[in-house]
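Enquirer: Got a structure for you, written out below as structure tokens; questions coming shortly.
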Amino acid sequence: MKEGLQQGVNAIVMHELDDVATALEELASGQEVEFWLNEKMERIQLLDAIPFGHKFAIRDIASAQHVRKYGEVIGRATQQIACGAHVHVHNLEGIRGRGDQQRKEAAEG
Amino acid sequence: MMIEAYARSNGQIGIRNHLLIIPTVICANQVANRVAQLVPDSIAIGHQHGCSQIGADKQRTFDVLAGTGKNPNVGAVLIISLGCEVVDPLELAQEIASTGKRVECFDIQSVGGSVKAIVHGAKLARDLRQELDQMEKVQVPLSELKLGVKCGGSDATSGLCSNPALGVAADRLIAVGGSAVIGETTEIIGAEHVLAQRAASKEVEQRLYHIVDRFEREIERMGEDMRGGNPSPGNIAGGLTTIEEKSLGCISKGGTTELKDVIEYAAPVPKSGLYFMDSPGNDIECVSGMAAGGVHLVAFTTGRGTPTGSAVIPVIKITGNKQMYLRMQDNMDVDVSDVLTGGLSMREAGERIWQEILHVANGKLTKAEILGHQEFSINRIGPSL
């Protein structure tokens, strides 16, 4: 993020490589949201209601694709995610600290 | 820059002048609590440990008790032992007394039971408190100050604004010669490569990767997904989806300076620069480890809101969540949420935190101190026998 935030935007993208934006207020499904990306004001229409602090996709994300925030990988999409959809535990999983997967792999041999 | 604080005989500075009562074992907790009730301005740090422990686990308990007693905010110490536990009270007393502060020690079995121990302890504590109250603050250099940076009860605002703002303040302290320590090994999982880029040497970089790997393998051994435990249900409700996302938001609270070294849990925090303490994300265990490492205060960001403090160091609560700030002003010291509405720059937010650090170092009480929050806990690394 830059030194300051422009007043009046309702979402923030932390890095130009990011696939997601974070809601800075409660956002309604169907609402048009504005955020800055690469020095340009972008507008997209939301497919879901997004609670304050939660994320939505700012581009289409394929299933199993790595998802970025802060310019870094924050996890892997567990299904296809459309631009404007809520991105959270129902469609994004962590890659690290996954003892459950290790156990599953061990059980399957 | 100078601040007003206590000059300790070993050259360290104290920003508080606590009388600390340490039970060496859980069995001495109640006597320690009773003594603390009888003597104003004394703090008893009850805990669950001190017996049925061996090896590195026993050593860790000893190190945390000793480090807490040695913390320069503590002016004098009363150790209360049961008499048969594994933590050696005389060794503990000797270790703490190496700082030059006065330490008294007795055991409940020799004195003859709880009532006599409470009377004996209260007399000793009263004398120690009277001595401490004769000490006066003097001008000491700010460069002696050691700051812990911590986040807990995080939500999306932690990574977006309160943590980077705290990073600005950490950079300020390091620029004037002070030191800062960041911890929470679990909460750099997925972000360790970013922090490692700032490691002072190849060895420091390897140590950082090593401690993260060690933690992660422990989670693999348990066969669980860490999500649900960390990020916690509250983190998830606040918009954090994975440990990687949480970690990437966490690390900015350490600022932007070179990472000088990676140190063990509860180990002494060196002077000048930024350090990483290998510690769990658990708030109380992490802050207690930092206090045992000798930090004078902790600056603590939270989005969900948490009241916790520490037995011997002030904990400053900082938030980037306006709604929570308005709900929980009883517990919050600094509000930087205007960063997210464009009303405050990150630099201004960092300055706001820096000013609060200076006020608290000069004696201003934090909300957690005013409310009597004196949390203390010791990280375990072995089973009870």
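The values are calculated or read from the model by the stated rules, or taken from the named source; none is laboratory data. Because the structure is predicted, anything quoted here is derived from the model rather than measured. Neighbour counts are summed over all protein chains in view; Cβ atoms, including those assigned to glycine, are modelled from backbone coordinates with ideal geometry. Heavy atoms of the whole protein, side chains included, go into the accessibility calculation; ligands, DNA and RNA do not. Shrake-Rupley method; radii C 1.70, N 1.55, O 1.52, S 1.80 Å.
Enquirer: If only one of B:315, B:336 is buried (at least 17 other Cβ atoms within 10 Å of the Cβ), touching a strand residue (DSSP E or B) at 6+ places or on another chain (Cβ under 7 Å) and more than 29 Å from residue B:43 (Cβ to Cβ), which one is it?
Expert: Of the residues listed, the single one that is buried (at least 17 other Cβ atoms within 10 Å of the Cβ), touching a strand residue (DSSP E or B) at 6+ places or on another chain (Cβ under 7 Å) and more than 29 Å from residue B:43 (Cβ to Cβ) is B:336.
Enquirer: Is at least one residue of region B:88-99 open to solvent by less than 30 Å² (accessible area, probe 1.4 Å) and either assigned to a loop (DSSP other than H, G, I, E, B) or of a type in the set (Gly, Ala, Ser) (or both)?
Expert: yes
Yes or no, residue by residue, for (1) open to solvent by less than 10 Å² (accessible area, probe 1.4 Å); (2) within 25 Å of residue B:21 (Cβ to Cβ); (3) outside the structural domain of residue B:41 (by TED's automatic domain parsing); (4) touching a residue at least 40 places away in the same chain (Cβ under 8 Å):
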{"site": "B:127", "(1), (2), (3), (4)": "no, yes, no, no"}
{"site": "B:139", "(1), (2), (3), (4)": "no, no, yes, yes"}
{"site": "B:148", "(1), (2), (3), (4)": "yes, yes, yes, yes"}
{"site": "B:152", "(1), (2), (3), (4)": "yes, no, yes, yes"}
{"site": "B:157", "(1), (2), (3), (4)": "yes, no, yes, yes"}
{"site": "B:161", "(1), (2), (3), (4)": "yes, no, yes, yes"}
{"site": "B:165", "(1), (2), (3), (4)": "yes, no, yes, yes"}
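Enquirer: Separate question: Which of (1) at pLDDT 95 or above; (2) within 14 Å of chain A (Cβ to nearest Cβ); (3) open to solvent by 10 Å² or more (accessible area, probe 1.4 Å) is the odd one out, the single condition residue B:199 does not satisfy?
Expert: (2)
Enquirer: Looking for whichever is in a helix (DSSP H, G or I) and away from chain A (no Cβ under 13 Å) here; the options are B:204, B:212, B:181, B:194. Which one fits?
Expert: B:204 is the lone residue from the list that is in a helix (DSSP H, G or I) and away from chain A (no Cβ under 13 Å).
Enquirer: What about residue B:59, is it of a type outside the set (Phe, Trp, Tyr), within 21 Å of the chain's Cα centre (by Cα) and surrounded by fewer than 21 Cβ atoms within 10 Å (Cβ to Cβ)?
Expert: yes
Enquirer: Right, here's the next one. Tell me which residues, restricted to region A:36-49, are modelled with pLDDT under 95, open to solvent by less than 50 Å² (accessible area, probe 1.4 Å) and either within 14 Å of chain B (Cβ to nearest Cβ) or touching a Ser or Thr at 6+ places or on another chain (Cβ under 7 Å) (or both).
Expert: Of everything in region A:36-49, nothing turns out to be modelled with pLDDT under 95, open to solvent by less than 50 Å² (accessible area, probe 1.4 Å) and either within 14 Å of chain B (Cβ to nearest Cβ) or touching a Ser or Thr at 6+ places or on another chain (Cβ under 7 Å) (or both).
Enquirer: Could you check region B:327-385 and list, in sequence order, the residues that are small (Gly, Ala, Ser), farther than 27 Å from residue B:3 by Cα and in a helix (DSSP H, G or I)?
Expert: Across region B:327-385, the qualifying residue is only B:337.
Enquirer: If I ask for residues that are hydroxyl-bearing (Ser, Thr, Tyr) and either open to solvent by less than 50 Å² (accessible area, probe 1.4 Å) or within 13 Å of chain B (Cβ to nearest Cβ) (or both), which ones from region A:57-101 would you list?
Expert: A:70, A:78
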